[in-house]
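Notes to accompany the following structure.
Only the coordinates and a few stated rules stand behind these numbers; no lab work does. No experiment lies behind these values; they were computed from the predicted model shown. Glycine gets a Cβ as well: all are built from the backbone with ideal geometry, and neighbour counts include every protein chain shown.
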Amino acid sequence: MRKIFQRSLRAALLAAAVGHLAAAAVLLPESALGVGRTVQITNDRLLLVLNGGRYNGLVDGFDTDLWCVDVERFASKGNTYLANVIPLERWTPQQAALVRKGALGNEGFYWSDLGLDAVQRYQAAAWLITQMEAYRSGASVYSDLHYQQAIWAILDDAEFMSIYITDEAQAHMRAAAAFIRANPDYGLGQWAVISGSVWPDGTFVPWLYWQYQTFLSPLARVQPPLGSEQVLAPIADAPEPAALLLTGLGLALIGLLARRSRG
């Protein structure tokens, strides 16, 4: 009985450790950046939050996580289309023209009172993604729906609000806007905007034909973004102290049980 308990405990601890590693973001390599890249939605690790959340698929042949940021467009398993994959940075006018909503001024968005430009709104959306439990641990929790609503709303360019959002979502939007104003370089060079529905030359397909989703994807990029001398590490979150402590205790316990079983 004791040996069965020891084996079960080892298996549980190892499964927890593997699950923690699996929750880490899957980074998109810099070589996938460019215009008219092929995107295929595979969704073999789909984690829905409302009708958005973490999708996944192949971008220029590379498997990566895809975070839904556009309430006006859609994605489903099996979609294959062309998209512009542009790094999140302070875009030139030419770059901004390749990004969905990248050339809009603040007045072009429904929530213009937030006072953010197009780049800042994508920065705010990236920050909101990192606050979701879906991003942090790969778990689905009810509270994430407020973050997903905030992500959609902060990039909503409709004349009228596209969706109903909760009071919590509005609070998250304002917190994100304040955070980006206080941290103007947040996320630059660490995310890519994947803007769907383009022709091979990168120009956008008219609305009436295809309406493929725009995503944010964590980007593995080592050179500094525009205006910065800092070399950026990939965007994988550092483990929380509690997670490190639990992992250490679990490994120590496994070692102790192994020594006892050999005795």
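Key figures
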| read-out | value |
| --- | --- |
| Gain in span if fully extended, D63 to A103, counting 0.36 nm per residue against the direct Cα distance | 11.6 nm |
| Cα-projected label distance for T80 with N183, points at 7 Å along beta-carbon direction, nm | 3.9 nm |
| Simple label model, 7 Å out from Cα along Cβ direction - L50 to A171, nm | 1.7 nm |
| Of every Cα-Cα pair in region 27-236, the percent that sits beyond 25 Å | 30 percent |
| Average Cα contact separation per residue, region 27-236, under 8 Å, 6 or more apart, as relative contact order % | 28 percent |
| When region 98-167 is reduced to its Cα atoms, the Kirkwood hydrodynamic radius in Å | 12.7 Å |
| Shape box of region 57-174 [Cα atoms, principal axes, largest first, Å] | 40, 38, 23 |
